[in-house]
1. With loop defined by DSSP as not H, G, I, E or B, and exposure as at most 10 other Cβ atoms within 10 Å, which is the longest segment of chain A clear of exposed GluC sites (Glu not before Pro)?
2. With Kirkwood's inverse mean 1/r over C-alpha pairs for Rh, give me the Rg to Rh ratio of the range B:172-229, two decimals please.
3. From Cα pairs below 8 angstrom and at least 6 apart in sequence, can you work out the relative contact order of the range A:355-596, rounded to a whole percent?
4. How large is the dipole of chain B about the Cα centre if only Lys and Arg carry +1 and Asp and Glu carry -1, each at its Cβ, rounded to the nearest 20 debye?
5. Between A:GLU492 and B:ALA331, what FRET efficiency comes out of the Förster formula 1/(1 + (r/R0)^6) with R0 = 41 Å and r the beta carbon distance, rounded to 0.05?
6. Under the classification rounded if a/c is under 1.5, otherwise prolate if a/b is larger than b/c and oblate if not, where does the range A:415-478 fall, given a ≥ b ≥ c as square roots of the Cα gyration tensor eigenvalues?
7. Enumerate the calculated ³J(HN,Hα) couplings along the range B:233-242 in order (Karplus 6.51 cos²θ - 1.76 cosθ + 1.60, θ = phi - 60°), each rounded to whole Hz, writing x wherever the residue is Gly or Pro.
8. Shielding of A:261-271 by partners, i.e. mean partner chain Cβ atoms within 10 Å per residue?
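Computed from the coordinates by the stated procedures, all read-outs in this text should not be read as laboratory data. The model shown is predicted, which means the values in this text are computed figures rather than measured ones. Note that we place each Cβ from the backbone using ideal geometry, even for glycine, and neighbour counts take in every protein chain shown.
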Amino acid sequence: MSTAAPERTVGTGAEIAAMATIRRGMVISPELRDGLGGTLLLALIATVGQVVVPITVQKTIDHGLAPGQHADVGYMLRMGLVAAVAILATGVASYAMTSRLFTQAEKGLATLRIKAFRHVHDLPLLTQNTERRGALVSRVTSDVDQVSQFLVFGGVFAIVSVGQIIVATVIMLFYSWQLCLVVWICFLPLFLSLKWFQQRLSDAYGVVRAQVGVMLGAIAEPVVGAAVIRAYAVQARTQARIDEAILANQTAATKAQGFTAFSFSLGGLSGGLANAGVLVIGIWLGFAGQISAGEVIAFAFLVTLFVGPVQMGTQVLTDAQNALAGWRRVIGVLDTPAELVDPGADGEVLPRGPIDVEFRDVSFGYPGGPLVLQDIDLHVASGTRVAVVGETGSGKSTLAKLLTRLMDPTSGEVLLDGVDVRRIANASLRRSVVLVPQEGFLIDDTLRANVQWGRDGATDEEIAASARELGISDWLDALPHGLDTRVGQRGESMSAGERQLVALLRAHLADPDLLVLDEATSAVDPQLEMRMARALEQLMSGRTSVTIAHRLTTAENADEVVVVDHGRIVQRGPHAVLVDRPGPYAGLHASWVAQQAH
Amino acid sequence: MTQLSGRPTSTLGDGFAVLGVAIRREPWIFTVATIGSALFGALTVADAWVLGWSTEHAVIPAFRDGEIRPSILWAVVGLFVGVAILRAVGIVARRLGAGLMQYRLQARDRRAVTRQYLRLPMEWHQQHPTGELLSNANADVEAAWSPIAPLPMAVGTVVMMLISIGQMFAADVVLALIGLLVFPLVIGTTVLYQNASSPLMTRAQSLRGRLSAIAHESFEGAQVVKTLGREGDETDRFAAVAHELRDVNVRAGRIRAAFDPVIAAVPSLGVLVVLAVGVWRVESGHTAPGDVVTISYLLTIVAMPIRSIGWLLGEFPRSVVGFRRVSRVLAATGEMQYGGAHLDARGPATLQVDRLTYAYDAGTPVLADIDFALAPGRSVALVGATASGKSTLTNLITRLVDPDEGAIRVDGVDLRELSAGELARSVAVVPQTAFLFDDTVRGNVTLGADIPDADVWAALRTAQADGFVAALPHGLDARLGERGTSLSGGQRQRIALARALVRQPRLLVLDDATSAVDPEVEARILGALRDGAEAATLVVVAYRKATIALADEVLHLADGRIADRGPHTDLLARSAAYADLVNAYETLEEDA
């Protein structure tokens, strides 16, 4: 067997560099760029507020407290007033900066989230299936939240920190370049090692996250598996496994915490060293008349502006890295090509009326895997019913997916009314071809909202008419809340059979010209089953239909049966002919009959 | 702990009560963390004192006299560096201690809660939604101990505050009084901020939950969304909540933007006042310049840590709610009682169900007057419409619940007289929805019992699971992931079936256990069960005829009672209701 097609997976964005991520991110969410210059300017002003106190202390000492001079009270008052105004003004700037940042960031992230969500739906089914559903969900939820959380906590802090260090350095240079050098010598090793600490820290928290996942799984077992654990009397074993997971989680978290504590303590250490250095060297410089007493003391205040950023630096860097990684992953989704190209306005529009289906030399293989369908040539005349049968894994479900263009064939073409599906406008295709899947898929809303998926804005009368035609009115009428019934999460308030009925009702409202059915395998209540079969019968009349059949009766009632085995069509013809002819179908039929026998 | 349950008291009081529980449970770690924190607090204050001392004894004299003794310089260096090192030690002790204490308390509660889950009877589980129990063991435990993280810091801050107040008063009473105003203002503003923002945080959290639910739902139904061309409508549905979340986040951001500068400005303004008054006090000879510097510096460095007191108080509401929920689980009582009897017989078991009645809610019995016996090696099919009581009967036979009236006996022994674990040695059940552990295939089949691989493979073969298990990357050692999500429904059922078969049960209960399996594969499994060497007494709940046909006898259940019983063919012949129920497929064919 030949292999086919390159890997089609959802991009992780791992290859995008940090700056490129930010640039790409800003193109996707233009809101992030709006007014950014003004916000940064405000940030700078806000930062100046941090040095008001050190400067005031210096002035006070040099003009009022220093020995040998009388306090210039007028000067002191004016200065105090200026300082107070400066503090208030920078406070206002800080408010404006933070609130602008939040507003624009949240707007931008909402845009990013929504775009990514839409793009996931635009991805081909195949690409969607390579990812776990949960992973795709986290792209549009927690990954975006991570960026948002960073902006709220780390982002503002990072902007203020950088500004604070710059402004403090400038003031220090103004007072004395020598002392500024002393301070920088004390802090530089820490700044340089931040990255290293951050890496270790993020590794440690990676372990914690993994252990939390394991622990959550373990503590769910006694709840979800309550019956099985009791029936098999494995309480002790289950508890041992839980305890192990809890302990592993506790150990990992404690270890990470120890590391955080250590890296946090280093900022103060550098601060102490810097202060000692500043005072000793400051006094020595004072002898040379290069610096005043107030200026030396002001340095001690300015050094505190370095301590905070260093203490929190590793944490903020970790958050920043996580946020960047989250951002990349979301961009990765948007960068994944939506391969099933909709010809759009240039596409052909199918005429109404039962559709004529043709598979012409179609082969299909999942990326990197062997072909699951080979050399399929099949013609289904308009208005006829075809049942596709075969063992699990024979490729019969793939046939349905190609027919509804959830995937495109690796080679060959699928024609509807003589037109290659790839040339049909998506809107027309979705209008004319409807797939009823095995599991009736419902959203957590009312029955009405779920049924309206088939036809937007269908009125209650239209729905009732459809139900009547399908012969399921009595079921609908018997529901205490009728169409207002809430179906629950994943439709869990309804039985499997009822979910199927909703799917049929939906399909009937959609009024397709080609109906593709993937028959449900799991048993439902026999009485419901019977009702469903009647409804199906109604639904199929007057349309072309292709059914992936798991039941004998479906095959028996079809105009033609197509038997698929190992990706090829091995037999075809009406049930009545095939059943008496030695071959695969006779074998399948015999085993069905054996099951039905008493 | 008792003061937290029942009668309404203030959140503040309850919050402190939770802290009290935590401290009583981990007194040593708390002590070490608090000493570390106090050390940190004391030394932070000392730092200011060192600066003041240096100003007074080194900087100002040096600038005045143009000279300085080296010993003074060394003292300056020694004081600054010494204080910094001790303070670092304090930080490590405080932070590590806080973490250790928090994680130990969490782990302890999680162990206790999960023990309760395993101990409490099935009835209790049926009365509590899964989501609630999961959050009791995780989110609520976390919330209960959330104030532990800032606790040592807050205690240390109190120490620091007291020392600095003392120091300020020692330096200058008037300046100290000004400084004293700053502390409560900072704490008050922080609490105010927490109160203003926490409802928004809660709201954002629940919106994130909704957003995630929509995404889950929508991506799960991706195929239907695509085939019905609903992509745009789905995006609108998602966007509505995403926009709501955005607005809440922006509002929370504005509140933060407003409070941050206020909290930062309070100590700064305090320093300005201290400086202004300080100049006047120095002028009038009431205080020394060094004291003014000390007090200013104290205000600068103490203001930020003080916020931790606000953080601690802000965690109280969440903590109290979490603690109450966890306590409720831990206080739940009721446990299945066991006797001391054993089942020593070999070979297929006998099963007797004597005049059994069972109700979930008193008054409306799910099962009434169920009375039948099953000889060793015989099999019975339970057939009935949805909610006729079939699954409840299997729960009673496997003693997940006890009957209200009547009794169930295996080999003549009432199930309630058997010792713990004894029933599981003789009876195995395969439920409709297969539950798999986050474990290997082997672990899921053996459940830790010492069973040779050959027997595991044999059981997998009978369950028609050997083929796909052999194809898994590590065969028996392949991990199945959380609840077997990597397998299809039918595959999960077959692993669960092998789990039952490998124990060679004397009584096997299949509760619609092959419903997700392809009919053809099911036929093979049932064939192997019927013709296999290891005979067992068999109870099957079934819809499919092939499954029903396997049984020697059928119990037709309707509305919780036995409507009829006998061989399948006899029932078909004499009961129209039964025929309707099981003949659905044939009826369909005739209709067509």
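1. With a cap of 10 other Cβ atoms within 10 Å, the longest stretch comes to A:16-598.
2. Working: Rg = 24.7 Å, Rh = 15.7 Å.
Rg/Rh: 1.58.
3. Working: 445 pairs, mean separation 66.1, N = 242.
Over the range A:355-596, the number comes to 27 percent.
4. Values: 54 positive and 62 negative charges, 436 e Å.
Here chain B has a charge dipole of around 2100 debye.
5. Values: r = 30 Å, r/R0 = 0.74.
In this case the efficiency is close to 0.85.
6. Values: a/c = 2.35, a/b = 2.10, b/c = 1.12.
Since a/c reaches 1.5 and a/b is larger than b/c, the shape of the range A:415-478 is classed as prolate.
7. The phi angles translate into 5, 5, 4, 4, 4, 5, 4, 4, 6, 4 Hz.
8. Values: counts 11, 5, 1, 5, 12, 2, 3, 12, 7, 2, 6.
Average neighbour count from other chains, rounded to a whole number: 6.
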